[in-house]
Amino acid sequence: MPYGLRPVHGAIGNLHPVEYPVADSYAGNIFSGDFVERLVNGTVQRQETTTGLSPVGSHPTLGIATGFRYVDASGTPQWSNYYPASGGTDIFVTVHEDPDQIYLIQSDGNTTSADVGDNATVAGFAASAGSTATGNSGAYLSHSTIGQGALTLRIVGIPEDGSNENLTADKNVLVKILPAVLQGVLSDQIP
């Protein structure tokens, strides 16, 4: 089952995510592992696309959501792996925005060490993609898109744990978000 992007390690000294506000009563689910974008009013929302490419237009990718806090309709503070649509007020999302961050993501194919250094897109961006039971995103690496083009992710490794490297599908892959996708980060921070 896909789980979106999970931060595993980043640049020394810059491992801490940042909290951003979400508009009160935001109408969509946001899951841990989802791409998020910052709007002109300073709030953050889930980034959706059906192409797997980040919409690098007026709302470029800010980073990856990893947790939420909000006040529910009864006035009770909540901490969660996902934000339920129209679920509350005083909403904040924790975002990993470091351009050097390494993430773990599930591939839908037999991604191997021969693919390290290549780029790929992400699928599973649809508004309904994600699990309210686990709080995990439904995004995954689209194996069929692996190549050298200007895509969304760069494959940087295949974790070897005795079984992952032997899978032919649903393999875990280490990736970085390409700098052209992380347009929300200050340009002087992008290598």
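The values are calculated or read from the model by the stated rules, or taken from the named source; none is laboratory data. These numbers were taken from a predicted model, which means no experiment stands behind them. As a convention, Cβ positions derive from the backbone with ideal geometry for all residues, glycine included, and neighbour counts pool all protein chains shown. The accessibility values were calculated without ligands, DNA or RNA, using every heavy atom of the protein model including side chains. Shrake-Rupley method; radii C 1.70, N 1.55, O 1.52, S 1.80 Å.
So here's what we get for this one:
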{"read-out": "In the range 70-98, the residues that are under 16 Å from the mean Cα position of the chain (by Cα) and more than 16 Å from residue 34 (Cβ to Cβ)", "value": "98"}
{"read-out": "Wholly enclosed strands (runs of 3 or more DSSP E) of the range 80-191 bearing at least 3 residues surrounded by fewer than 16 Cβ atoms within 10 Å (Cβ to Cβ), touching a Pro at 6+ places or on another chain (Cβ under 7 Å) and at pLDDT 90 or above", "value": "none"}
{"read-out": "Any pair with Cβ under 6 angstrom, 6 or more apart, that starts in the range 138-159 at a residue that is in contact (Cβ under 8 Å) with a residue 60 or more places away in the chain and ends at one that is open to solvent by 40 Å² or more (accessible area, probe 1.4 Å) and in a loop (DSSP other than H, G, I, E, B)", "value": "138/2; 140/2; 140/108; 152/53"}
{"read-out": "Residue within the range 9-24 that is part of a strand (DSSP E or B) and modelled with pLDDT under 90 present", "value": "yes"}
{"read-out": "The range 26-47, residues that are open to solvent by 40 Å² or more (accessible area, probe 1.4 Å) and either out of contact with any strand residue (DSSP E or B) (no Cβ under 7 Å at 6 or more places or on another chain) or assigned to a strand (DSSP E or B) (or both)", "value": "27, 38, 40, 41, 45"}
{"read-out": "Residue under evaluation residue 54, criteria (1) modelled with pLDDT of 85 or more; (2) of a type in the set (Ser, Thr, Tyr); (3) buried (at least 19 other Cβ atoms within 10 Å of the Cβ); (4) in a loop (DSSP other than H, G, I, E, B), criterion not met", "value": "(1)"}
